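Engineer: So that we are looking at the same thing, I have put the structure below in C-alpha cells.
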Amino acid sequence: MPFRKPPLESAARRPETVRMPVLGIETSCDETACAVYDATRGLLAHRLHSQVDLHARYGGVVPELASRDHVARIAPLVRETLAASGIGFGDLDGIAYTAGPGLIGALMVGAAVAAGIASAHGLPLIPVHHMEGHLLAPMLETPAPQFPFTALLVSGGHTMLIAVEGLGRYELLGESLDDAVGEAFDKTAKLLGLPYPGGPHLARLAERGQPDVFRFPRPMTDRPGLDFSFSGLKTAVLVALPRAEGEQARADLARGFEEAVTDTLVIKCGRALVQTGHRTLIVAGGVGANLRLRAKLRALAADKGFTAFFPRAEFCTDNAAMIACAGSARLIEGRKPDGPLFTTPRWPLADLRAPGVAA
Amino acid sequence: MLARFEIAGRSHTQQMLPMVHGLMAEASLSFAQLDGFVCGIGPGSFAGVRIGVGFVKGLALSLDRPVVGISSLTMLAQAALDEGALRVIASIDARMNEIYVGAFEADASGLCRSMGPLRVMPPDQFREDAAGPWHAVGTGWGTYETTMRQGVTGDVLHVDGAALPRAQAALKLALPEFAAGRTLAADDLAPLYLRDKVALTLEEQVQLRASRN
C-alpha cells in the first residue's frame with residue numbers, strides 16, 4: 001500500500017499534542033536557508049538569504065566564498081526563523097540539515113551548526129538528501145499531491161526523472177548524461193552576453209523572440225530511453241551565434257533554445273508517465289519555475305489526462321522548508337539515522353530506504 | 001581540566017561529535033550546564049576552522065551563551081610560553097608557498113600577548129627585527145625553518161616545527177576574557193582566515209588573460 005502524504009498522514013495517527021517541530025538548515029550551494037516544519041501545523045516559518053549578488057562578480061558560484069558567507073549569515077538566520085515560528089529551541093524535536101549532495105565545504109557549515117544545536121538540546125540530528133527535499137517539496141502545498149507520482153527534477157546541477165512510489169521509494173528513470181538543464185540555460189545565456197545567473201535572463205529575452213527563426217535539435221528524443229543530453233545543444237547555439245546580430249535576432253535565438261530544451265523535457269516527461277503508469281507529474285528544481293516549461297506541461301497534462309503539479313517558485317529553488325519537511329517525515333519514520341555527518345558529493349537517491357525496510 | 005586531542009586530517013566531521021560528547025560524558029556535564037564556549041578560529045584549514053566555528057555557533061546560539069574566539073597562532077604561542085619561552089614566533093604552514101605567522105610575548109601574568117598583526121605571507125618575505133632570543137613553534141617552521149631563520153634579527157634558540165594548537169591553551173587564554181566580559185555573541189564569532197583573496201572577479205579574469213597574451 002503506497003504512502004499518501006507521509007508527514008501529514010503519519011502525524012494524524014499521533015496524539016494531537018505531539019507536534020514534533022523540526023528545524024531545517026540548507027547550505028548546499030549558494031543559498032543560506034532555515035525553516036521550521038511541524039507535522040501537525042505544517043510550515044511555521046522559513047527564511048532564505050541568496051548569495052547571488054556575491055557570486056555575480058565572479059561569473060559563477062565560488063565554493064570558498066559560498067562557505068564563508070554561510071558561516072557569517074547562518075546564526076542570525078536561525079534565530080530569526082525560530083522567532084518567526086513562535087517557538088524556542090527547547091520546543092524543537094529534531095534538527096534536519098542537508099547532508100548532500102552539494103558543495104562539500106558549504107554543506108559542512110550547515111551540518112556543523114545543526115550538530116551544535118542538536119548537541120546542546122539532546123535532539124536527533126537528521127541528515128537529509130537534498131534531492132529528497134526537492135521531491136517532497138510539493139508536500140508543502142495544500143492540497144499536496146498523492147503518491148505515487150513521477151517527478152521531473154530540473155536545476156543548475158540536476159536533470160532527473162524519478163518514479164516516486166512513496167517516502168524513500170525512489171527509482172531513477174533517467175538523467176542528463178552531461179550538462180544539467182539549468183547549466184545549459186546558464187551557459188547559453190553567457191554566450192549571449194547575459195549577466196549571471198543567466199537562466200532567468202535568457203527566459204526573459206526569449207519572451208520577445210519568435211519560436212521558429214532558430215531551430216535547434218531536441219537531443220535524444222529520436223531514440224527510446226529517458227536520459228538527457230544538453231551539451232550538444234550548447235554547441236548548436238555557439239554555431240548559430242554569428243547569425244544572431246541585433247536585439248531581435250538574439251531574442252529569437254534565446255527563444256529557439258528555450259523551445260528546444262522545453263520540448264525535450266516535455267517529450268521525456270510524457271514517455272516517463274507512460275512507463276510508470278502514474279497519473280501525476282510533479283516538477284521541482286529551479287528550472288521548474290520556467291514559464292514555457294510549465295505551459296507546455298500543462299498542455300500535455302490536459303491532452304493526456306494527467307495532473308501536472310508545480311510547487312510555488314520559492315519551493316522549486318533551493319530552500320530549507322523542503323529540508324525541514326523531509327526531516328520531519330524521516331523523524332516520524334523513527335529510524336535512527338546512521339553514517340557520518342556528511343555524505344560524499346555523490347549520493348544516489350536510490351540508496352535511500354523506505355520506512356520500515358532494514359538496512 | 002579535561003582535554004582531548006586527535007590529528008584528524010580530513011575527518012573532523014567524523015571525529016568531532018564523538019570526541020566532544022565523550023568529553024562531556026567524562027566530565028559528567030550537559031551542554032546546558034556550561035557558562036560559555038571557547039573556539040579556535042584559525043588561521044588554518046578553512047573548512048576545518050568552519051566546522052569548529054559552526055558547531056560552537058550552534059551550541060552558543062541555541063543555549064544563549066557567550067563565546068570567545070582564540071587564534072591558532074596564539075594557542076601555539078601560549079603552549080610555548082607555558083613551557084618556559086619568553087617570546088615566541090608562531091607560524092603555520094598555509095600551503096601555496098605561504099605561512100601564517102605572528103610574534104608573541106608573555107604579559108605579567110604569563111599570558112600570551114601579540115606583538116603585531118597576524119599575517120599570511122611567503123616565508124622568504126618574513127622579517128622579525130626585534131633583537132634577543134626567540135622560540136619558534138608550528139608547522140610553518142617545520143616546512144620553512146631555513147628560510148624563516150634568515151628573516152629573524154635576534155636568536156632563534158629553539159624550534160618545534162611539529163607543534164599543533166591545543167584546546168587547553170585556548171581555554172587558559174579565554175578564561176580571563178570571560179572574567180573581563182570580553183566575549184562575543186554566537187552571531188559575531190567569525191573565522192580568522194587571513195588569506196582573503198580566494199577567487200578572481202570577472203574583471204580580474206579578463207586582465208589575467210590579457211596579461212598572458
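The values are calculated or read from the model by the stated rules, or taken from the named source; none is laboratory data. Source: prediction; values computed, not measured. Note that we place each Cβ from the backbone using ideal geometry, even for glycine, and neighbour counts take in every protein chain shown.
Engineer: Looking at the range A:101-118 only, could you name the residues that are more than 7 Å from chain B (Cβ to nearest Cβ) and of a type outside the set (A, V, I, L, M)?
Structural biologist: Residues satisfying the conditions are A:Pro101, A:Gly102, A:Gly110.
Engineer: Moving on. Considering the range B:61-71 alone, what residues qualify as being facing chain A (nearest Cβ under 8 Å) and touching a residue at least 12 places away in the same chain (Cβ under 8 Å)?
Structural biologist: Filtering the range B:61-71 down to residues facing chain A (nearest Cβ under 8 Å) leaves B:61-63.
Residues satisfying the conditions are B:Leu61, B:Leu63.
Engineer: Now for a separate question. Among B:Gly48, B:Gly110, B:Gly84, which is the only one that is within 22 Å of B:Gln15 (Cα to Cα) and either within 11 Å of another protein chain (Cβ to nearest Cβ) or outside any helix (DSSP H, G or I) (or both)?
Structural biologist: Numbers: B:Gly110 fails: within 22 Å of B:Gln15 (Cα to Cα); B:Gly84 fails: within 22 Å of B:Gln15 (Cα to Cα).
On inspection, the qualifying residue turns out to be B:Gly48.
Engineer: The conditions are (1) facing chain B (nearest Cβ under 10 Å); (2) touching a Ser or Thr at 6+ places or on another chain (Cβ under 8 Å); (3) of a type outside the set (D, E, K, R); (4) touching a residue at least 12 places away in the same chain (Cβ under 8 Å), and A:Gly90 fails exactly one of them. Which is it?
Structural biologist: (2)
Engineer: Oh, and also: Among the residues of the range A:167-186, write down those that are acidic (Asp, Glu) and assigned to a loop (DSSP other than H, G, I, E, B).
Structural biologist: A:Asp178, A:Asp179, listed by residue number.
Engineer: Filtering the range A:48-65 down to residues that are in contact with a Leu (Cβ under 9 Å, 6 or more places away or on another chain), assigned to a helix (DSSP H, G or I) and at pLDDT 90 or above, which residue is nearest to the other protein chains (Cβ to nearest Cβ)? Explain how you work it out, then say what you get.
Structural biologist: Within the range A:48-65, the subset in contact with a Leu (Cβ under 9 Å, 6 or more places away or on another chain) is A:48-49, A:51, A:54-59, A:61-63, A:65.
Checking which are assigned to a helix (DSSP H, G or I) leaves us with A:54-56, A:63, A:65.
In the following step, the residues that additionally are at pLDDT 90 or above were identified as A:54-55, A:63, A:65.
Values: A:Leu54: 11, A:His55: 9, A:Pro63: 9, A:Leu65: 6 Å.
Ranking the qualifying residues of the range A:48-65, first place goes to A:Leu65.
Engineer: If A:Val237 satisfies every condition in (1) among the β-branched types (Val, Ile, Thr); (2) assigned to a helix (DSSP H, G or I); (3) surrounded by fewer than 19 Cβ atoms within 10 Å (Cβ to Cβ); (4) in contact (Cβ under 8 Å) with a residue 40 or more places away in the chain but one, which is the exception?
Structural biologist: The number of the failed condition is (3).
Engineer: Of the conditions (1) surrounded by 15 or more Cβ atoms within 10 Å (Cβ to Cβ); (2) away from chain A (no Cβ under 14 Å); (3) part of a helix (DSSP H, G or I); (4) of a type outside the set (Gly, Ala, Ser), B:Asp187 fails just one. Which one is it?
Structural biologist: Unmet condition: (2).
Engineer: Something else about it: Assess whether A:Ala189 counts as being under 29 Å from A:Glu245 (Cβ atoms), aliphatic (A, V, I, L, M) and under 17 Å from the mean Cα position of the chain (by Cα).
Structural biologist: On the way: under 29 Å from A:Glu245 (Cβ atoms): yes; aliphatic (A, V, I, L, M): yes; under 17 Å from the mean Cα position of the chain (by Cα): no.
Here the answer is no, as A:Ala189 does not meet what is asked.
Engineer: Considering only the range B:9-39, state which residues are in contact with a Ser or Thr (Cβ under 8 Å, 6 or more places away or on another chain) and more than 10 Å from every other protein chain (Cβ to nearest Cβ).
Structural biologist: Correct list: B:Gly36 only.
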